[in-house]
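I have placed the structure first, in the form of structure tokens, so that the comments after it can refer back to it.
The values are calculated or read from the model by the stated rules, or taken from the named source; none is laboratory data. Bear in mind the structure is a predicted one, so any value in this text is a computation, not a measurement. As a convention, Cβ positions derive from the backbone with ideal geometry for all residues, glycine included, and neighbour counts pool all protein chains shown. Just so you know, the surface numbers come from the protein's heavy atoms only, side chains and all, with ligands and any DNA or RNA stripped out. Shrake-Rupley method; radii C 1.70, N 1.55, O 1.52, S 1.80 Å.
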Amino acid sequence: MSEQKQTVLIVDDEEANLQKLRRTFLGDFSVLAARGGEEALELLRQHSVAAIITDQRMPQVTGVELLKRSLEVRPDAVRIILTGFTDVEDLMDAINQGHVHRYLTKPWEPHDLKRTVEQELQHWELKRENERLAGELQEANRLLQRENLELRQEMKSLRDGRQDLVYASRAMKDLLTLVDRVVDTNTTVLLQGETGTGKELLARYIQKHSPRREGPFVPVNCGAIPADLVESAFFGHRKGAFTGATNDSIGYFERAEGGTLFLDEIGEAPLELQVKLLRVLQNGEIQRVGGQERRRIDVRVIASTNQDLNRMVEQGTFRQDLFFRLNVFSIQVPPLRTRPEDVQALGRHFLARVQEQVNKQLPDFEPETLRLLTRYSWPGNVRELENEVERLAILSESGQPVPPSALSERIRYPATAAGPNAGLKEQLAALEKRLILDALQAHDHNKSRAAQTLGISRQTVIAKLKQYEA
């Protein structure tokens, strides 16, 4: 389906000039033509027009008078005067009063006129969009200030009594509803999600609310153990089993007896460990290195990974049978960037916790600080947010809300934002760029659909991408 062309109205009392103007714009625009001011005003009442191009010297109604009167009918149309006379003073006065946007002197070149119209259309469309964005920013700031107290009051109810976890998003409420279905069982759980999303905290939550709450919780980083010590670390060893084994030693499984063994980053476990883990999960038995007897163990296993185990199975770097054993009850932990409501909740939680550490009283964040924190994408997830809040607490003044100036530069000025000394125009341009790029990403870089979402033309999207070199 072809995109609808913008309409221009050309006005001149000489037919030869009208024909020349028609040829200039046909193909790129829909063209309406009038031989005088009154006819032009009638066409404006009947049609949606993006630009008006008119001769200045015409009988009855001059070009300036026409454009001044057109403001009552089509105030958003671009208004351009063509003149072959030297009455520049009157034209400049009309431009200063906002009746005329541009003027071109005769004789004019078709290419120059068309380029002028396209530039003016982009300029005024961008100006209107910037005004709309500025209004949205002002309204967003007002809402943040109003919600500042409300969010704090809602925190307790949104936690649903789960005092060890802090969240405010529907995604986390739904996730914990799912978790609560498995806490009372001995089922193996696989937690999947990006680094820093709180998988270990969730594993501890499961342990704390399970029948094993009185037992130990033993976390193990599967990728941090030297390959030659893996078997001893997990299953223990007998004295003399190898050089340096001067005493009997128990491994992680025995330490977790009656409780939970948390296998963190299971995707990094070497293949030799994967074989032995599979045997333990199948038989519930371990054998110490250098020992003869097998020991039954009572341990619940919770594993986590930030990798795609399905893909690793396909690539042959992770055993399929072990994956099936671990993937009994899989939980996908969403990244922080997909749940902005939790940024404020977690930020305030970390701020309250760190105050004693830095010996300061910090009542809250300023609204703009919260807005910038929520806007940021948090590639390091909750862990990155916690570190940032600790930094903010150190840089902020005791007794005062945390100001946006204390934020790290990557959060105040991300790649699509203006610099620290930017004025309103630059900041709006940076916001415009971010909105356009986000819309393109949301629509798989389909320019027409992105333009429709933003309420602008496809030509404007193309022009702005060229301007951004994006």
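If you average the sequence gap of Cα pairs under 8 Å that are 6 or more apart and divide by the length of the chain, what percent do you get for the contact order? All intermediate terms of the calculation are to be shown ahead of the outcome.
Working: 684 pairs, mean separation 53.2, N = 470.
In percent, rounded to a whole number, it is 11.
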**Request:** Towards the positive end of the charge dipole of the range 242-325, with charges on Cβ (+1 Lys, Arg; -1 Asp, Glu), say which of M312, G251, V280 has the farthest Cα.
**Result:** V280
**Item:** Environment charge at L26 (Cβ cut-off 12 Å; Lys +1, Arg +1, Asp -1, Glu -1)
**Value:** +4
**Request:** Count charges around P219 for me, please; just the other residues with Cβ under 9 Å from its Cβ, Lys/Arg as +1, Asp/Glu as -1.
**Result:** -1
**Message:** To the nearest 20 Debye, how big is the dipole of the chain about its Cα centre, given +1 on the beta carbon of each Lys and Arg and -1 on that of each Asp and Glu?
**Reply:** 1360
**Request:** Just reorder H209, H111 by solvent-accessible area, largest first, 1.4 Å probe, all chains present.
**Result:** H111, H209
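How large, in percent, is the carbon and sulfur part of the accessible surface of the chain at a probe radius of 1.4 Å?
46
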**Message:** Out of the GluC sites (Glu not before Pro) in the range 199-299, which ones are loop residues according to DSSP with at most 13 other C-beta atoms within 10 Å?
**Reply:** E214, E293
**Message:** If packing is taken as the average count of other Cβ atoms within 10 Å, what order do 124-134, 366-376 fall into, highest mean first?
**Reply:** 366-376, 124-134
**Item:** Sequence of K20, K199, K239, K173 when ordered by accessible area, the most exposed leading, probe 1.4 angstrom
**Value:** K239, K20, K173, K199
**Prompt:** Using heavy-atom solvent-accessible surface (probe 1.4 Å) with all chains present, what is the largest-first order of F235, F242?
**Reply:** F242, F235
**Asked** Which entry in (i) 1.20; (ii) 1.00; (iii) 0.98 is this structure's computed Rg/Rh (Cα atoms, Kirkwood Rh)?
**Response** (i)
**Request:** Leaving out ligands and nucleic acids, note down the accessible area per residue over the chain with a 1.4 angstrom probe, in whole Å².
**Result:** 53
